[in-house]
Amino acid sequence: MTANTPVQGGPGHVAIIMDGNGRWAQKRGRPRLFGHQAGAKRVREIVRACPGLGVRYLTIFAFSTENWKRTQAEVSGLMTLFRRYIQREAQALLGEGVRVRFIGDRNRLDAKLVDLMDELETLTAGNDSVNLTIALNYGGRDEVARATKRLAQEVAAGRLDPETVDETTLARFLDTYVLPDPDLVIRTSGEARISNFLLWQSAYAEYEFTPVLWPDFTKDIFADIIGRYAGRERRFGAVLG
Ligand code: FPP
């Protein structure tokens, strides 16, 4: 399997927990931010590999609601990296047909970063070869709580009848309301946890945990995982005949 072989029965939506940047840098005696910079280069490579592999939706976990607990230096270094990524990559993403969206709570993010995020979403809104969603200040529980708050406000305002609320209603209030659910969730660096990522949306996803650290995660490794997924059978709780 190479990164240019479209995969029959492959996952349309892949979500990735990009873990291991810090350890990758540490192994080289370098600061953690060096690992995040190397990680950003892999993001480029993996996004570019998507069309060739038939992946229409890619959702990546860039910064979690828990990541604020890291040192101030690391947090501000990551925020600078996100700003630069948007500034440097915007034209390339536009030209490559990538539509970018952000999910997560923007309230705690720096105003300049939020402006850049809004601009990139608007700039790429006409694209649809790959839908790249970047989770920034995102937490699955936080997302469900924010959705529930807005749903409750609709009920309180008399615009929503609580008797009609079902799974589809709640899903409409989630950050991901325009996205299909992920088919495959990949986590790098050997940790077998989902760490609050797309909790609601991944109810029927397949999971793949790889020991590879994110900065070492090449498009060929990505292609292999996608090829393996295509060989699995998904039942969605039903018994297939
Ligand atoms: C986890 O590695 C990684 C992050 C918290 C940040 C993810 C960010 C990037 C890949 C940078 C670029 C992203 C974009 C969208 C440009 P870790 O620091 O937890 O690694 P460790 O577990 O080895 O410490």
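Aspartates and glutamates near residue 112 by alpha-carbon distance under 15 Å, same-chain residues fewer than 8 away left out - which ones?
Qualifying aspartates and glutamates at Cα under 15 Å: 121.
If you take the charge dipole of the chain about its Cα centre, with +1 on Lys and Arg Cβ and -1 on Asp and Glu Cβ, which of 144, 20, 95 is farthest toward its positive end?
Sorting the options by dipole projection puts first 20.
Over 18 Å, how big is the tail of the calculated P(r) for the range 19-82, in percent of all Cα pairs?
Cα-Cα pairs of the range 19-82 separated by over 18 Å account for 42 percent.
Counting alpha carbon pairs within less than 8 Å and at least 6 residues apart, what relative contact order, in whole percent, applies to the chain? Each step should come with its number before you reach the end.
Working: 382 pairs, mean separation 73.4, N = 241.
With pairs under 8 Å counted, the relative contact order is 30 percent.
Need the full-extension length gain, residue 30 to residue 44, defined as separation in residues times 0.36 nm minus the C-alpha distance. One decimal, nm. Each step should come with its number before you reach the end.
Details: separation 14, 0.36 × 14 = 5.04 nm, distance 2.18 nm.
Here the answer is 2.9 nm.
For the range 34-117, what is the largest minus smallest coordinate of the Cα atoms on each principal axis, given in angstrom and ordered from greatest to least?
Dimensions of the range 34-117 along the principal axes of its Cα atoms: 39, 26, 21 Å.
Residue 33: net charge of surrounding residues, Cβ under 13 Å, Lys/Arg +1, Asp/Glu -1, itself excluded? Numbers along the way, then the final one.
On the way: positive: 28, 30, 32, 70, 84; negative: 74.
Here the charged neighbours net out to +4.
Which FRET efficiency value, to the nearest 0.05, is calculated for residue 91 and residue 70 with the Förster distance at 30 angstrom and r the Cβ-Cβ distance? Spell out each step's value before the answer.
Details: r = 31 Å, r/R0 = 1.02.
Here the calculated transfer efficiency is 0.45.
Treating only the Cβ of Lys, Arg, Asp and Glu as charged (+1, +1, -1, -1), what charge dipole size does the range 57-164 show about its Cα centre? Round to the nearest 20 debye. All intermediate terms of the calculation are to be shown ahead of the outcome.
Values: 15 positive and 16 negative charges, 70 e Å.
For the range 57-164, the charge dipole is close to 340 debye.
Could you point to the residue in 107, 231, 75 farthest towards the positive end of the chain's charge dipole, with +1 and -1 charges on the Cβ of Lys/Arg and Asp/Glu respectively?
Final value for the positive-end residue is 75.
In Å and on Cα atoms, what radius of gyration and Dmax does the chain show?
18.3, 59
Mind pulling the per residue volume of the convex hull built on the Cα atoms of the range 151-215? Å³ is fine.
Values: hull volume 7.1 nm³, N = 65.
Output value, Cα hull per residue: 109 Å³.
Please say if the range 129-241 is rounded, prolate or oblate, where rounded means a/c under 1.5 for a ≥ b ≥ c the square roots of the C-alpha gyration tensor eigenvalues, and otherwise the choice is prolate for a/b larger than b/c and oblate otherwise?
Judged from the Cα gyration tensor, the range 129-241 comes out prolate (a/c at least 1.5, a/b above b/c).
Using helices alone, I'd like the mean residue ellipticity at 222 nm for the chain: each DSSP H run of four-plus residues gives -39500 (n - 2.57), total over residue count, nearest 500. Write out the running numbers ahead of the final one.
Numbers: 7 runs with 101 residues, N = 241.
Counting only the DSSP helices, I get -13500 deg cm²/dmol.
Readers should treat all values here as calculations from the given coordinates under stated rules, not as data from a laboratory. For clarity, every value in this text was computed on a predicted model and none was experimentally measured. Cβ sites come from the backbone with ideal geometry, for glycine too, and all protein chains shown count toward neighbours.
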